[in-house]
Structures are given as C-alpha cells and as structure tokens.
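Peer 1: Let me give you the structure first, and then I'll get to my questions.
The values are calculated or read from the model by the stated rules, or taken from the named source; none is laboratory data. What you see is a predicted model; the values in this text were computed from it and never measured. Cβ sites come from the backbone with ideal geometry, for glycine too, and all protein chains shown count toward neighbours.
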Amino acid sequence: MTKTFSIAVFHGDGIGPEIMAPTLEILRRMSEASNGYALRFMAPPAGAAHYAATGESLPAASMETARNADAILLSAMGLPDVRYEDGTEISPQIDLRKALKLFAGVRPVRLKVGQKSPLNLPPGREIDFVLIRESTEGLFYTQGRGEVTENEARETLLVSRDVSEKLFAFAFALARTRKETGRGPGRVTCVDKANVFRAFAFFRQMFDAEAAKYPDLTADHAYVDATALWMVQKPWDFDVLVTENMFGDILSDLGAGLMGGLGLAPSADIGLDHAVFQPCHGSAPDIAGQGLANPFAMILSGAMMLEWLGIKHADPEMTTDGSRLREAIEEVIAQGDAVTRDIGGTASTKIAANAVLDALFVA
Ligand code: ATP
Ligand code: MG
C-alpha cells in the first residue's frame, strides 16, 4: 500500500523558486518510481516578496499548513530591500524554528573523492561528518533583546537542561544510525568551551550523562577553537559533532567552505515532531533570474528530507532513495561537466538539475 506524505513547500525569494522547481521535479519523479510512498506538495505563501505585497511574512494559515505537514521543504527567503519595520531581515524560517521547537540544526559536511575543495586532502581521503547546532538558545537566546546602555552591552548565553537533553539524545541517535548504516564509527564529540564558561561545563555534564546510555558508541569532547583547527587539518576524523548555537553557526560556515561553497551545503532543523529542510545559503538576489543558481544545496536538502522521513516512518525505500539522490549529485559533481559557475563550471541551474535526473534514471 502506498503511503502519502504531505510536504509543505516554501518556494522562497530571489533564487528560491529557481532551485525549488527542479528539486520538486526530482522528488516527484523518485516518488512516482517508488513502490511504497507518494509525496503531496502544498505551497503555503510566505517570504519577503509576500511581506512586501501583504505585510505578512508568514501568515497564520501558512504556519498551520507547515505544522500539519509531515515535513517542510524551504528554499532561501529574504530580500535586501525588504525588511520588517524594526529593520531586521524577513525570516519566516526563524519563526518556524521557534514555533515548531526545532532545536537541532543538522549540517552534514561531505566531500567525496574527486570533488574540489580548498583543502589539499591526502589521496583517498574523504570527509563525511555531521555538525549538530543547537538552534533555539545558547548565545542567540537574547537575539534582538540584549541590554544596551551608553557604556555597556550585554547578551545572555542560555543552556537549558530540557533542550540540551533532547539535543544530545538526538546526536547519539544519529551517530547510532550512521554506525548501523556504515557511514561512521559511532562517535559523538561535544564541542564547547567548558574550560572557561560555567554554562559549557553544564552543557558537557549533560552530554556525559546522555553518553552513559550508549555503551555501543564513543563519546568525547573538544574545545571549539581546537575543533576549528581540526576541521581544516584532519576533517576526516569527525563523525557527529554537537555544539551550542553560536559555535555551530560559525563552524557550519567553515563546513560549507570545506565542501566547496554554500551552493553545496544542505541543512535540516529538526525537533521532536517537525522538521524543516533548506539550503544553508540565502536568496542570492545578485544572481536571481539568470539561471546561474546552483540547485545542489536545495536538492541535497530534499535528499535529507527523504532520509529523515524514511527513518521516522520506518520506510527503508525512502531512506534508500534519499541516499541514492545524494550519491547522484555527488556523481555529477565529481564528473564535473554539469556544474554551475560557483563551483567552477559553466552549466545553468536547469542543466545541473537535469544531470542529476539522468544520473538517477538513465542507466
Ligand atoms: P543570508 O543573509 O540570507 O544568509 P547572504 O547575504 O549571506 O544571505 P547569500 O544569499 O547566501 O548571502 O549569498 C552569498 C553569495 O553566495 C552571493 O554572492 C550569492 O550569489 C552566492 N550564492 C548563494 N547561494 C548560491 C547558489 N545556490 N548558487 C550560486 N551562488 C550562490
Ligand atoms: Mg548569510
């Protein structure tokens, strides 16, 4: 029997719609070719252009559609000249993260043999680790609400037991899945600054308590500064990294750099019941409408969605389709003819996306 999953699709601003269209086409083709699952796409309005037209960046009805969906697929949102009245950027993705309590920001960092990277990796070395960034508190807790007087400004670093325990449980579960599927050795590293901040000592203490529940996995710690160094010097050494919000913000851009750029970096924001999948990059208004956008980060986010749905609903066909899709993109990147300008090619968005379809469906 075919199971149908409803997907809330936010097409976004700038290059958003240009990279979402081929992504949906690929997902539709994969689900049509599957035996067990179907995808139903809904497109609730949201974003900066919608705000400019209506004064709402994420209407309540769109939030409801997202809340009721099995998963949320989101393209880049925001435009430089459209802002909220207080001057901040239009960011419905942050409203979703808060409302749906998406505490785990998942940033896979992968680089297969044959792909270009700013690093000179030793022959045969590949990168395949996952950075998990706490996404609801940490140093972003007072975002926009810090205290500023004439001579001082203060922000708060919040580490709560509730969120940290869920975060670490998520990290160890992911490491276990990776171990079971042969992707990693089953190791979780807590990235902090526990030598200086009591909040991080607390963070680490909860990490250790969670680690004790997984005798089949390895747990260790690293300071964030050393982690930045090792991400450049021996990035093949990591499996699952879990860290605070601001540290994760910075390290995930470093991770995107290792992979060869923002156009290749997918992400997921995951909670207990909901998940949003989106590229790490913004709406790139400078190249919108020219067919230059790299669709791979968006398509890779779709692959992550399939894997997540497959694991959550015990549907191995979906999980496999997610990894097949990721591998098809990696094949196209390694082959090198059908890649966009940002990663050294000359192909258009359409040609790059079609090459992925060919890798999937043309034997
Ligand atoms: P945000 O604040 O939303 O993160 P940003 O201003 O930091 O946005 P992006 O929109 O991510 O920046 O763009 C940064 C640079 O990377 C731009 O020059 C943009 O053209 C380029 N870029 C981003 N995404 C892509 C993509 N998918 N394909 C090609 N180039 C991209
Ligand atoms: Mg940015």
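Peer 1: Exactly one of these conditions fails for MET304: (1) under 17 Å from ASN354 (Cβ atoms); (2) away from ligand 2 (no atom under 16 Å from the Cβ); (3) buried (at least 18 other Cβ atoms within 10 Å of the Cβ). Give me its number.
Peer 2: (1)
Peer 1: Go through (1) within 20 Å of ILE333 (Cβ to Cβ); (2) crowded, with 23+ Cβ neighbours inside 10 Å; (3) of a type outside the set (Ser, Thr, Tyr) one by one and return the number of the condition ILE132 breaks.
Peer 2: Just one mismatch for ILE132, condition (1).
Peer 1: With respect to ALA334, determine if the residue is away from ligand 1 (no atom under 15 Å from the Cβ), at negative phi, out of contact with any Cys (no Cβ under 6 Å at 6 or more places or on another chain) and modelled with pLDDT of 95 or more. Break it down stepwise before answering.
Peer 2: Numbers: away from ligand 1 (no atom under 15 Å from the Cβ): yes; at negative phi: yes; out of contact with any Cys (no Cβ under 6 Å at 6 or more places or on another chain): yes; modelled with pLDDT of 95 or more: no.
Spelling it out, it is not the case that ALA334 is away from ligand 1 (no atom under 15 Å from the Cβ), at negative phi, out of contact with any Cys (no Cβ under 6 Å at 6 or more places or on another chain) and modelled with pLDDT of 95 or more.
Peer 1: Within segment 337-356, is even one residue away from ligand 1 (no atom under 16 Å from the Cβ) and on the phi < 0 side of the Ramachandran plot?
Peer 2: Looking through segment 337-356, at least one residue is away from ligand 1 (no atom under 16 Å from the Cβ) and on the phi < 0 side of the Ramachandran plot.
Peer 1: Then there is this: Looking at LEU309, LEU262, LEU325, LEU360 in this structure, which one is in contact with a helix residue (DSSP H, G or I) (Cβ under 6 Å, 6 or more places away or on another chain) and in the same structural domain as ALA173 (by TED's automatic domain parsing)?
Peer 2: Going through LEU309, LEU262, LEU325, LEU360 in turn, the sole match is LEU262.
Peer 1: Which pairs have Cβ atoms under 9 Å, sit 6 or more apart or on different chains, and link a residue in segment 341-360 that is within 16 Å of ligand 2 (Cβ to nearest atom) to one that is of a type outside the set (D, E, K, R) and outside any helix (DSSP H, G or I)?
Peer 2: ASP342/GLY260; ASP342/GLY261; ASP342/LEU292; ASP342/ALA293; ASP342/ASN294
Peer 1: Further, regarding this structure: Quick check on my filter: what residues within segment 250-269 are within 13 Å of ligand 2 (Cβ to nearest atom) and either assigned to a strand (DSSP E or B) or closer than 10 Å to ARG133 by Cβ (or both)?
Peer 2: ILE250, SER252, SER267
Peer 1: Restricting to segment 59-71, what's the tally of residues that are aliphatic (A, V, I, L, M) and touching a Ser or Thr at 6+ places or on another chain (Cβ under 9 Å)?
Peer 2: 2
Peer 1: Residues of segment 259-270 being more than 17 Å from ALA303 (Cα to Cα) and modelled with pLDDT of 95 or more, which ones?
Peer 2: none
Peer 1: Related question: Could you tell me which of the residues VAL148, VAL196, VAL163 is among the β-branched types (Val, Ile, Thr) and closer than 18 Å to THR227 by Cβ?
Peer 2: Values: VAL148 fails: closer than 18 Å to THR227 by Cβ; VAL163 fails: closer than 18 Å to THR227 by Cβ.
Answer to the selection: VAL196.
Peer 1: If you don't mind, there's one more thing I want to ask. Looking only at segment 234-264, count every residue that is within 15 Å of ligand 1 (Cβ to nearest atom), surrounded by fewer than 24 Cβ atoms within 10 Å (Cβ to Cβ) and under 21 Å from ARG178 (Cα atoms) and tell me the total.
Peer 2: 2
Peer 1: If PHE170 passes every condition in (1) in contact with a strand residue (DSSP E or B) (Cβ under 7 Å, 6 or more places away or on another chain); (2) over 21 Å from ILE270 (Cα atoms) but one, which one does it miss?
Peer 2: (2)
Peer 1: If you don't mind, another one. Taking segment 1-23 as the region of interest, how many residues are of a type outside the set (Lys, Arg) and away from ligand 1 (no atom under 16 Å from the Cβ)? Before the answer, list the steps.
Peer 2: So in segment 1-23, the residues of a type outside the set (Lys, Arg) come out as 1-2, 4-23.
Then drop every residue that is not away from ligand 1 (no atom under 16 Å from the Cβ), which leaves 1-2, 4-9.
Of the residues in that region, 8 qualify.
Peer 1: Would you confirm, using the coordinates I've provided, whether ALA293 is more than 14 Å from the chain's Cα centre (by Cα), at pLDDT 95 or above and outside any loop (DSSP other than H, G, I, E, B)?
Peer 2: Taking the combined requirement at face value, the residue does not satisfy it.
Peer 1: Just to be sure, is ASP269 of a type in the set (D, E, K, R), within 16 Å of ligand 1 (Cβ to nearest atom) and surrounded by 22 or more Cβ atoms within 10 Å (Cβ to Cβ)?
Peer 2: When the stated conditions are applied, ASP269 passes them.
Peer 1: Moving on. Determine, yes or no, whether LEU292 is of a type in the set (A, V, I, L, M), within 13 Å of ligand 2 (Cβ to nearest atom), surrounded by fewer than 20 Cβ atoms within 10 Å (Cβ to Cβ) and within 24 Å of LEU73 (Cβ to Cβ). Walk me through it before giving the result.
Peer 2: Values: of a type in the set (A, V, I, L, M): yes; within 13 Å of ligand 2 (Cβ to nearest atom): no; surrounded by fewer than 20 Cβ atoms within 10 Å (Cβ to Cβ): yes; within 24 Å of LEU73 (Cβ to Cβ): yes.
It is false that LEU292 is of a type in the set (A, V, I, L, M), within 13 Å of ligand 2 (Cβ to nearest atom), surrounded by fewer than 20 Cβ atoms within 10 Å (Cβ to Cβ) and within 24 Å of LEU73 (Cβ to Cβ).
Peer 1: Which ranges mark the strands (runs of 3 or more DSSP E) fully within segment 160-246 that have 2 or more residues being touching a residue at least 40 places away in the same chain (Cβ under 8 Å)?
Peer 2: Because the criterion is at least 2 residues that are touching a residue at least 40 places away in the same chain (Cβ under 8 Å), the strands (runs of 3 or more DSSP E) in segment 160-246 that meet it are 187-192, 240-243.
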